[in-house]
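Taking it in order: structure first as structure tokens, then the write-up.
The values are calculated or read from the model by the stated rules, or taken from the named source; none is laboratory data. Because the structure is a prediction, the values reported are computed rather than measured. Neighbour counts run over all protein chains shown; Cβ positions are idealised from the backbone, glycine included. Please note that ligands, DNA and RNA were not included when accessible areas were found on the heavy atoms of the full protein model with its side chains. Shrake-Rupley method; radii C 1.70, N 1.55, O 1.52, S 1.80 Å.
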Amino acid sequence: MAGLTPSLVFTVRRCKPELVAPAKPTPHEFKQLSDIDDQESLRFQIPIIQIYRYNPSMHGKDPVKVIREALAQTLVFYYPFAGRLRERPGRKLVVECTGEGVIFIEADADVTLQQFGDDLQPPFPCLEELLFDVPGSEGILNCPLLLIQVTRLKCGGFIFALRFNHTMSDAAGMVQFMTAMAEMAHGARAPSIPPVWQRHILNARDPPRVTCIHREYEEVADTKGTVTPVESMVHRSFFFGPTEVSALRRFVPHHLSQCTKFEVLTASLWRCRTIALQPDRDEEVRMICIVNARVKLNPLLPTGYYGNGFAIPAAVTTAGKLCENPLGYALELVKKAKNDVTEEYMRSLADFMVINNRPHYTVVRSYLVSDVTRAGFRDVDFGWGKAAYAGPAKGGVGVIPGVLNFYIAYKNSKEEDGIVLPICLPAPAMKRFAEELDDLLTKQAH
């Protein structure tokens with residue numbers, strides 16, 4: 001069920017990082033981000049890793065060359081990515097489309113995919129070697145907006161690793177960009193879905209007016225020191241296939257039997273994680289889930305929009321109520337939070353950002369969940385076929401480590417389709433979490 005921290009060690013030889021600019025001249029202009037893009041919580045970099053196996057039909061083709069050329073061609077259409085972010089009064093972010101380019105690193109590793117073991121899932125060995133943090137490149141302002149490293153492996157496979165500035169795009173937007181790169185790698189002259197900027201669609205109203213309750217941004221003092229430093233965190237992945245999800249569903253009350261896989265997983269994991277972290281009974285705890293708002297707006301966000309198009313509603317209760325009630329209690333809270341997101345909620349959220357100086361979401365005793373199972377990372381094919389692993393490179397990323405958790409589409413070594421969850425917790429809590437989860441998956445429902 002669980003992947004442990006791997007001990008595989010290998011050497012990666014990297015060429016000097018280079019800047020890849022658009023293949024043709026692009027407009028020099030300033031483009032504003034939306035008021036949904038422009039929040040403190042998104043001022044961080046997200047690492048993505050795509051692992052591709054050797055494909056005999058591509059023998060003699062160099063993935064580094066193919067991807068570097070595809071990148072330069074794609075940046076002609078997605079030229080804001082080749083620019084740099086600037087900050088204007090009111091902390092308003094704008095992209096200066098300078099055409100400078102994005103960081104690209106060519107690399108080789110003396111390792112085969114077989115050495116990674118049967119289950120390719122986070123935490124990945126030597127991740128910092130496969131996605132090298134070029135000194136001075138990690139800033140949000142005045143820095144490259146993308147960093148890409150392509151590492152050839154001894155077996156003929158390769159690893160495509162990418163780091164993107166979250167203020168520019170969400171998972172859906174990044175997959176759209178990567179898919180355009182894949183199309184270019186196959187010889188296309190233009191992306192099948194033309195990119196759309198139009199960030200003004202998600203700007204605040206004039207005058208801004210907050211009409212909904214946004215408990216996900218409440219200021220909570222960390223009086224008990226619950227925000228753990230990243231050095232004390234351990235990473236581990238957990239797999240949920242049909243068997244595990246069925247085991248959790250035994251605890252779902254009849255009136256909630258129509259709940260989704262996301263809802264039952266989120267309610268179960270929120271409880272297990274809270275029990276593992278051992279807060280006081282009367283302390284408030286939060287589950288914050290990322291809800292795609294692209295389909296909630298009227299009119300819908302245009303096809304090709306690659307900015308952030310989500311909200312993060314919160315379910316709030318006390319640790320005692322969450323842990324001592326049956327699963328149905330947490331499930332009701334998760335369902336209600338998801339249903340909070342409407343068109344008006346999104347408008348109110350943009351207004352809230354402008355009025356409140358673009359705050360960070362609440363991190364104290366919060367569990368934030370992002371389901372990227374349907375984002376399409378696995379389907380990005382540069383010519384070598386679909387990825388063996390595709391999606392976020394690790395859990396716990398963000399401005400504050402350990403809070404954000406991803407649900408990633410995954411096929412395990414038994415060829416079972418399911419979800420892999422990279423979890424990041426302090427070591428003692430991780431042990432309790434694994435025991436609590438194991439107990440839940442194996443004990444009988446009452």
If you roll a 1.4 Å probe over segment 102-190 with all protein chains in place, what percent of the accessible area is carbon or sulfur?
49
I'm spelling it out carefully: the read-out is volume of the Cα convex hull per residue in Å³, the candidates are (1) 146; (2) 162; (3) 179, and one was derived from this structure. Which label?
(1)
In what sequence, highest mean first, do 422-431, 254-263 appear when ranked by Cβ atoms within 10 angstrom?
422-431, 254-263
Among the lysines, which have Cα under 17 Å from the Cα of LYS31 when same-chain residues fewer than 8 positions away are ignored?
LYS92
Give the lysines whose C-alpha is closer than 21 Å to that of LYS386, dropping any in the same chain fewer than 8 places away, or say none.
LYS61, LYS65, LYS154, LYS394, LYS411, LYS414
Under 12 Å Cα to Cα from LYS336, which aspartates and glutamates show up? Leave out anything in the same chain fewer than 8 places away.
GLU263
If Lys and Arg each add +1 and Asp and Glu each add -1, what is the summed charge of the other residues whose beta carbon sits under 14 Å from the beta carbon of MET184?
+1
Where does the chain land at 222 nm, in deg cm²/dmol rounded to the nearest 500, when only DSSP H runs of n ≥ 4 count, each adding -39500 (n - 2.57), divided by all residues?
-7500 deg cm²/dmol
Determine, for each peptide in 106-116, 77-87, the mean count of other beta carbons within 10 angstrom over its residues, then list the peptides with the highest first.
77-87, 106-116
Taking a 1.4 Å probe, which of SER246, SER34 shows the most accessible area, and what order do the others take after it?
SER246, SER34
